[in-house]
1. Could you give the nm distance between label points at residue 7 and residue 163, where each point is 7 Å from its Cα heading toward the beta carbon?
2. Quick check on the range 138-258: take the gyration tensor over C-alpha atoms, sort the square-rooted eigenvalues as a ≥ b ≥ c, and tell me if it's rounded (a/c under 1.5), prolate or oblate.
3. Hey, can you rank 77-83, 54-60 by average C-beta count inside 10 Å, highest first?
4. Determine which residues of the range 194-209 fall in the zone a paramagnetic label at residue 109 would reach in this model, i.e. backbone nitrogen under 20 Å from the point 7 Å along Cα→Cβ.
5. If packing is taken as the average number of other Cβ atoms within 10 Å across a peptide's residues, how do 22-30, 246-254, 184-192 rank, most packed first?
6. When a footprinting reagent is the concern and you count Cβ atoms within 10 Å, what order do 257, 3 take, fewest first?
7. Sorted from fewest to most neighbouring beta carbons within 10 Å, what does the list 40, 16, 116 look like?
8. Report, to two decimal places, the Cα Rg of the range 2-257 normalised by 2.2 N^0.38 Å (N = number of residues).
């Protein structure tokens, strides 16, 4: 994947691009995306992938004009327009799934295919979502992965979660990224999406890891119920970061819409 820049009205947007085939836009979660992302590599085998970084992620500029859910949603459409795309396959993971769903609800005639992977955006008092902003680095693997040990190794590139160098990089990066993500995820990741899901007309596939301890699989049924005709794909032995644990299986679920 190659890192490029495209200009929107408010801010230059950094994005990853690679592969060939029908256009696909991938919206990342609160953890961001990198050129080495194995899931992007899988998608790029069959699609021309565009993965924009939310402002404030990676080496991208921050954008104070993006303040709330509507701003994030309109920014998503600004990026699609700036890239010159029409009706790309829209795929979002976690926070990115929340944004993708809002984009499809706001402009239902401009999205015909939608994939939501463990999306945020709904809230159930009986199944509260853990406070992402209060979790320490050593706690993250438990909530994000089915295999906690393997997940910790993926998050830290093999270093210990208490390695001072890792912690310094992690905390500095997270302060910047989560400061942006917090505008729609804090104090809880709910901005009224449940009231807008009915507007989505796109053929929709919902993907969930059976072992997701961050956003429990019970939320999958809320999305399925809210989006007419949505198909649910449950993936065993995978957590919230199903795109890292089972990238090929998730890519196969995406291909159901080809």
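Rule-based calculations on the coordinates, nothing more; no lab input. Remember, predicted model here, so these are calculated numbers, not experimental data. As a convention, Cβ positions derive from the backbone with ideal geometry for all residues, glycine included, and neighbour counts pool all protein chains shown.
1. Taking the two extended label points, one gets 4.0 nm.
2. oblate
3. So the order, starting with the most tightly packed, is 54-60, 77-83.
4. Output list for this probe position: 196-204.
5. Values: 22-30: 24.2, 246-254: 19.8, 184-192: 17.1.
Ranked from most to least packed, the peptides come out as 22-30, 246-254, 184-192.
6. Final ranking by Cβ density, sparse to dense: 3, 257.
7. In increasing order of surrounding Cβ atoms, one gets 16, 40, 116.
8. Cα Rg divided by the expected 2.2 N^0.38 Å: 0.93.
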